[in-house]
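Structure first, then comments.
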Amino acid sequence: MKIKAHWYARPYPHDWEFYAECDEGANIDIAVKNDPDIKKIGPNPKEIVLQGMATCTSVDVVSSLNKMRQPLHSLVVECEATQTETHPKVFKECIMTYKVTGENLNIERVAHCVQLSYTKYCGVSAMIEKSGCHVTPKLFVNEREVPIWDPEESISNKLKKWLQEIAIHQPRGIVLITGSSRGIGAALVNYFAEKGFAVLPTSRNKVIFENKNIFESLYLDVSKLGSILNLKNLLQKNGVKLNLIIQNAGISSIDPNADDLNALNLTMADLRHVYETNVFGLIETNNIFMELMNKDGTIAFMSSTMGQVVRDSYLNASYRLTKRSVIQFAKQAALQLKEENKEIAMLSIHPGSVKTELNPNGRISVEQSAKNMELLFTSKFREKLIQNNGSFWIFDESDHIWKCVE
Ligand SMILES: NC(=O)c1ccc[n+]([C@@H]2O[C@H](COP(=O)([O-])OP(=O)(O)OC[C@H]3O[C@@H](n4cnc5c(N)ncnc54)[C@H](OP(=O)(O)O)[C@@H]3O)[C@@H](O)[C@H]2O)c1
């Protein structure tokens, strides 16, 4: 991709007027207003960024609706952004409103197309979000506002019913597990349901679980604030109080098929990408979901012995850095809880060496690891967790016990 921007070289008050050309030559005028009384000849550079985002997501929505044979009549995407106060001023928050019209549109499908663009395909909104701006999508179909994540309120209604008919009867309360589409997360969902928990599995990819103690998998991308807030609102609206959160979502590197990089070869893009999920996502999810916690609840953060000082190595550097941050965050959060006289237990965990996509050479199965982990959340173990609040626990595979190491 290649563009050129040219200055028109006009005198004041038109001295901030430009035109830009792309490779194929179609030009646009760009202007920054220099005098309140002059008429702007084109958008300013940041308006172009917003226009680019609105157009990029529009392309996704139009093409997905076409594929779904939805009779789209019109689509307008409006973006309204606030900026930070100091230079360089960047976008802080942006509301992106999709206005869709068409006869006999299937609302679920329209919402799904918007979701797909926002979560997966729209590269411009992904770039803007990576800069720290929170983009909130809103959807109007034939002038009626529709909740993007649950357009017919069907998930909310199902959740209400499940809470009243199933969850309430589970002796160990409700556990929410992040990153439960596969690996340790999926095994935890199944095992905890057998052990008397009502389970809320959350993931980016939908998974079908068979046990009635498990609610359907709820969408949560821990690296997207909009997704965290949406889930929190759904749970809060239905009066969900959580007994346990297991922050399991994690990645090892930008490319799941490539080995993570060594310390001195790290690129900041790779490092940021891993931090986005393993640290920022985990902390943001935690701090937003704290409001949903029972006052004697427990929050467990999946870390790894690869984050320990004693296991220092220059290999797999971004993963190690993030997992060390997780251990530290659990400690700091527990210190604050103590100061505030709160009895929520916090811990970071190493689950052992578990055979999964992330660790194909793991020594134990996901089922075994879920079984081991459940021991940590029995009432017998709670006193130990509270006494060592914020500590890092490792499952010792030879002695078959949990050891508090930091
Ligand atoms: N396996 C081990 O030996 C081992 C050892 C120590 C620690 N751990 C930790 O245990 C956790 C689970 O690991 P695993 O081995 O089961 O790995 P895995 O099989 O790769 O599973 C990772 C899970 O995290 C989810 N995930 C990734 N990015 C996410 C995001 N942005 N939002 C929500 N979910 C996201 C993935 O779901 P989607 O990609 O489908 O969304 C997947 O369900 C990780 O935190 C890992 O660091 C594992």
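Can you work out the FRET efficiency for the pair Met268 and Lys99, with r the C-beta to C-beta distance and R0 = 45 Å, to the nearest 0.05? Please report the intermediate quantities before stating the final value.
Numbers: r = 37 Å, r/R0 = 0.83.
After rounding, the FRET efficiency stands at 0.75.
I'd like the GluC sites (Glu not before Pro) in segment 193-275 restricted to DSSP loop residues with at most 13 other Cβ atoms within 10 Å, sorted by number.
Details: sites: Glu194, Glu210, Glu216; in loops: Glu210, Glu216.
Qualifying residues, ordered by number: Glu210.
Which sequence of Cys94, Cys56 reflects their accessible areas, 1.4 Å probe, from the largest down? Please list the in-between numbers first.
Values: Cys94 0, Cys56 35 Å².
Correct descending sequence by accessible area is Cys56, Cys94.
At 1.4 Å probe size, what's the solvent-accessible area of Asp399? Round to the nearest 10 Å².
Rounded to the nearest 10, the figure is 90 Å².
Could you sort Leu337, Leu225 by accessible area so the largest value comes first, with the probe set to 1.4 Å?
Values: Leu337 10, Leu225 40 Å².
Order by accessible area, largest first: Leu225, Leu337.
Mind jotting down the distance between the C-alpha centroids of segment 294-311 and segment 62-110, whole Å?
Answer, in whole Å: 38.
Between 0 and 90 degrees, rounded to the nearest ten: what's the tilt of helix 225-237 against the longest Cα principal axis of the chain?
That helix lies at roughly 60 degrees to the long axis.
Just from its helices, what would the mean residue ellipticity at 222 nm be for the chain, if runs of 4 or more DSSP H residues each count -39500 (n - 2.57) and the sum is divided by every residue, rounded to the nearest 500 deg cm²/dmol? Could you put the intermediate results ahead of the total?
On the way: 11 runs with 136 residues, N = 406.
Helix-only estimate at 222 nm: -10500 deg cm²/dmol.
How many Lys pairs in segment 45-146 lie less than 28 angstrom apart by Cα atoms, where the lysines are 8 or more positions apart or on different chains?
So the count of such lysine pairs works out to 21.
For Tyr8, what residues show an amide H to amide H distance below 5 Å, using hydrogens built from the backbone and excluding near sequence neighbours?
Those lying under 5 Å, H to H, from Tyr8 are Glu17, Phe18, Tyr19.
For Leu218, list long-range residues whose amide hydrogen, built 1.01 Å from N in the peptide plane, is under 5 Å from its own amide hydrogen.
Thr202, Ser203
Quick one: helix 366-375 against the long Cα principal axis of the chain, what's the angle to the nearest 10°, folded into 0 to 90?
Tilt relative to the chain: about 70 degrees.
What number, in percent, do you get for the relative contact order of segment 45-146 if the mean sequence gap of Cα pairs under 8 Å and at least 6 apart is divided by its residue count?
Contact order relative to length: 31 percent.
Considering only protein heavy atoms, what is the solvent-accessible area of Val124 at a probe of 1.4 Å, reported in Å² to the nearest 10?
40
Taking every pair of alpha-carbon atoms in the chain, what share in percent sits in each 20 Å bin, from 0 to the bin with the longest distance?
Here the calculated profile for the chain is 23, 50, 23, 4, 0.
Apply the Karplus curve 6.51 cos²θ - 1.76 cosθ + 1.60, θ = phi - 60°, to the phi angles in segment 350-360 and return the couplings in whole Hz, x for Gly and Pro.
Using θ = phi - 60°, the values come out as 10, x, x, 8, 10, 6, 8, 4, 6, 9, x Hz.
Quick one: what are the phi-derived ³J(HN,Hα) couplings along segment 277-292, Karplus 6.51/-1.76/1.60 with θ = phi - 60°, whole Hz, x for glycine and proline?
For segment 277-292, the Karplus curve yields 8, 5, 10, 4, x, 5, 5, 5, 4, 4, 5, 7, 7, 3, 4, 8 Hz.
Filter the trypsin sites (Lys or Arg not before Pro) in segment 127-222 down to the DSSP loop ones having no more than 11 other Cβ atoms within 10 Å, then list what survives. Walk me through the numbers before you get to the answer.
Numbers: sites: Lys130, Lys138, Arg144, Lys158, Lys160, Lys161, Arg172, Arg182, Lys195, Arg204, Lys206, Lys212; in loops: Arg172, Arg182, Lys195, Arg204, Lys206, Lys212.
Listed in order of number, the matching sites are Lys206, Lys212.
How many angstrom lie between the Cα centre of segment 358-388 and the Cα centre of segment 390-406?
Value for the Cα centre distance between the two parts: 9 Å.
Just subtract the alpha-carbon distance of Asn388 and Arg144 from 0.36 nm times their residue separation and send over the number in nm, one decimal.
Details: separation 244, 0.36 × 244 = 87.84 nm, distance 5.16 nm.
Stretched fully, the Asn388-Arg144 segment lengthens by 82.7 nm.
Roughly how much of Glu78 is accessible, in Å² to the nearest 10, using a 1.4 Å probe?
About 80 Å², ignoring ligands and nucleic acids.
Have a look at Ser64, Ser252, Ser125 and tell me which one the Gaussian network model of the chain (Cα, springs below 10 Å) gives the largest fluctuation.
Highest fluctuation of the listed residues: Ser64.
Would you pull out the residues with amide H under 5 Å of Thr136's amide H, same chain only if 5 or more places away, H placed 1.01 Å from N?
The list, which skips near neighbours in sequence, is Cys94, Ile95, Met96.
Contour minus end-to-end for Val76 and Asp23, with contour as 0.36 nm per residue of separation and end-to-end as the Cα-Cα distance?
Working: separation 53, 0.36 × 53 = 19.08 nm, distance 2.67 nm.
Taking 0.36 nm per residue and subtracting the Cα distance, the gain is 16.4 nm.
Given a cut-off of 18 Å, name the pairs among Lys158/Lys212; Lys160/Lys212; Lys195/Lys380; Lys295/Lys338; Lys160/Lys206 whose C-alpha atoms lie farther apart than that in the structure shown.
Numbers: Lys158/Lys212 12 Å; Lys160/Lys212 14 Å; Lys195/Lys380 15 Å; Lys295/Lys338 13 Å; Lys160/Lys206 20 Å.
Pairs exceeding the cut-off: Lys160/Lys206.
Heavy atoms only, 1.4 Å probe, whole protein assembly: order Met268, Met68 by accessible area, highest first. Spell out each step's value before the answer.
On the way: Met268 105, Met68 55 Å².
Heavy-atom accessible area, descending, gives Met268, Met68.
Using Cα-Cα distances under 8 Å and only pairs 6 or more residues apart, what relative contact order does the chain have, in percent?
Values: 751 pairs, mean separation 36.5, N = 406.
The normalised contact order for the chain reaches 9 percent.
Spelling out what I want: for every residue of segment 32-45, take phi, set θ = phi - 60°, compute 6.51 cos²θ - 1.76 cosθ + 1.60 (Karplus), and round to whole Hz; glycine and proline get x.
So the J values, rounded to whole Hz, are 10, 5, 10, 8, x, 8, 8, 8, 6, 7, x, x, 8, x.
Taking segment 1-45, which GluC sites (Glu not before Pro) meet the DSSP loop condition and have no more than 10 other C-beta atoms within 10 Å? It would help to have the intermediate numbers written out before the result.
Details: sites: Glu17, Glu21, Glu24; in loops: Glu24.
In loop regions of segment 1-45 (DSSP not H, G, I, E or B), the sparsely surrounded GluC sites (Glu not before Pro) are Glu24.
To the nearest 10 degrees, how steeply does helix 183-194 sit against the main Cα axis of the chain, on a 0 to 90 scale?
With both axes taken from Cα atoms, the answer is about 50 degrees.
For the chain, set up a Gaussian network in which alpha carbons nearer than 10 Å are linked by springs, and say which option among Pro147, Pro88, Pro36 fluctuates the most.
Looking only at Pro147, Pro88, Pro36, the biggest GNM fluctuation is shown by Pro36.
Looking at the chain as a GNM with Cα springs under 10 Å, which of Leu376, Leu50, Leu266 has the largest mean-square fluctuation?
Leu266
The values are calculated or read from the model by the stated rules, or taken from the named source; none is laboratory data. What you see is a predicted model, and the numbers here were worked out from it, not measured in a lab. In this analysis, Cβ positions are derived from the backbone assuming ideal geometry, glycine residues included, and neighbour counts consider all displayed protein chains. These accessible areas exclude ligands, DNA and RNA; they are computed on the full protein's heavy atoms, side chains included. Shrake-Rupley method; radii C 1.70, N 1.55, O 1.52, S 1.80 Å.
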